[in-house]
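Each remark here refers to the structure printed beneath this line.
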Amino acid sequence: MHRHYTGGGREVRAVDGVSIAIARNEFVALNGPSGCGKSTLMHLIAGLDRPTSGQILVNGLALHQADEKTITNFRRNQLGIVFQFFNLLPTMSALENVMFPLLLQGVSRDESERRACETLTFLGLAERADHFAHQLSGGEQQRVAIARAIVHRPHLLMADEPTGNLDSASTASVMSALQTVAEQKLATLIIVTHSEEIAAAASRRLSMRDGKIIDETFT
Ligand SMILES: Nc1ncnc2c1ncn2[C@@H]1O[C@H](COP(=O)(O)OP(=O)(O)O)[C@@H](O)[C@H]1O
Ligand SMILES: [Mg+2]
């Protein structure tokens, strides 16, 4: 697939002829220098952007030709996404943040609360449920963001430099949360990361340069 940007008279080939197949419950780590197209590739797979040409199939759904409603449903039901800067809603507690995707799906408040508690407990955050983002460490905030991204049991969990803003102790805690998701085969994982530790835990490593996948290692 390709994703080219045009502007200011020049063309940027952000994703340039990438062809990959990722199996269910695989754990893929993606790396490469800044500007090589990692985030663009993630956005394409997440249905946040559309390819200039080519096809993207996720769990049988053809994202490149899906309408907005189908993409919204895909994102709501099948996808979990974690960003570098946590993006927790500051006026909500950890528990409420994690309940949010379920409420969006139309799950009742009681059931959402029960499942959000269960997911926070699963990631070792039970005692943090009533805390607000500013009362949590960076690593805890990112683990709450992971809980929010998996609470609705998505097929695919994507994270774009999830430890890019964390110290090494927090990186280790986030890393172990992601590893738990992978080991229990809760979702397919695609993680953009510069962390050697996280990449080492992946079952496959992809390296990008200039919009292309230039190296692939299975571990
Ligand atoms: N919305 C956009 N419009 C124009 N160019 C973009 C846009 N998004 C990304 N780019 C360009 O595409 C290339 C890849 O960017 P990106 O996917 O963010 O790389 P990475 O995540 O690896 O740092 C860069 O040259 C960037 O400037
Ligand atoms: Mg990026």
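The values are calculated or read from the model by the stated rules, or taken from the named source; none is laboratory data. Keep in mind that this is a model prediction, so the values were computed, not measured. We place every Cβ from the backbone using ideal geometry, glycine too, and count neighbours over all the protein chains shown. Each accessible area value is taken on the protein alone, full model and side chains, heavy atoms only, with ligands, DNA and RNA left out. Shrake-Rupley method; radii C 1.70, N 1.55, O 1.52, S 1.80 Å.
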Rounded to a whole number, what is D in µm²/s for the chain from Stokes-Einstein with the Kirkwood radius over alpha-carbon pairs (37 °C, 0.692 mPa s)?
184
Candidates GLY138, GLY17, GLY106, ranked by Gaussian network fluctuation over the chain, Cα under 10 Å, top entry
GLY106
What is the chain's relative contact order, in percent, from Cα pairs under 8 angstrom and six or more apart in sequence?
31
As a check on your grasp of the helix formula, calculate [θ] at 222 nm for the chain: sum -39500 (n - 2.57) over DSSP H runs of n ≥ 4, divide by the residue count, round to the nearest 500.
-11000 deg cm²/dmol
Mean-square fluctuation maximum in Gaussian network of the chain, Cα pairs under 10 Å, restricted to LEU189, LEU178, LEU104, hits LEU104
I need the fraction of alpha carbon pairs in region 1-129 separated by more than 26 Å, rounded to a whole percent.
38
Of the residues HIS194, THR6, ALA94, the Cα lying farthest along the dipole of the chain towards its positive end, which is defined by charges on the beta carbon of Lys, Arg, Asp and Glu, belongs to THR6
Have a look at ASN165, ASN97, ASN25 and tell me which one the Gaussian network model of the chain (Cα, springs below 10 Å) gives the largest fluctuation.
ASN165
Near the amide H of ILE81, under 5 Å away, which other amide H atoms are found, from residues 5 or more places off or on another chain, if H is placed in the peptide plane?
MET158
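Could you give the length gained by full extension between HIS2 and GLU216, i.e. 0.36 nm per residue of separation minus their alpha carbon distance, to one decimal place? Can you show the working numbers first?
Details: separation 214, 0.36 × 214 = 77.04 nm, distance 1.88 nm.
The span from HIS2 to GLU216 would gain 75.2 nm if fully extended.
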Could you order ARG3, ARG10 so the one with the most accessible surface comes first? Probe is 1.4 Å.
ARG10, ARG3
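Please state the charge dipole magnitude for region 2-218, taken about the Cα centre, from unit charges on C-beta atoms (+1 on K and R, -1 on D and E), reported in debye and rounded to the nearest 20. Don't skip to the answer; put the middle values down first.
On the way: 21 positive and 23 negative charges, 112 e Å.
It comes to approximately 540 debye.
Quote the FRET efficiency, to the nearest 0.05, computed for ALA62 versus SER34 with a Förster distance R0 of 30 Å and r equal to the Cβ-Cβ distance.
On the way: r = 31 Å, r/R0 = 1.02.
Between ALA62 and SER34 the formula returns 0.45.
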For region 1-79 and region 160-176, what is the separation of their Cα centres, given in Å?
24
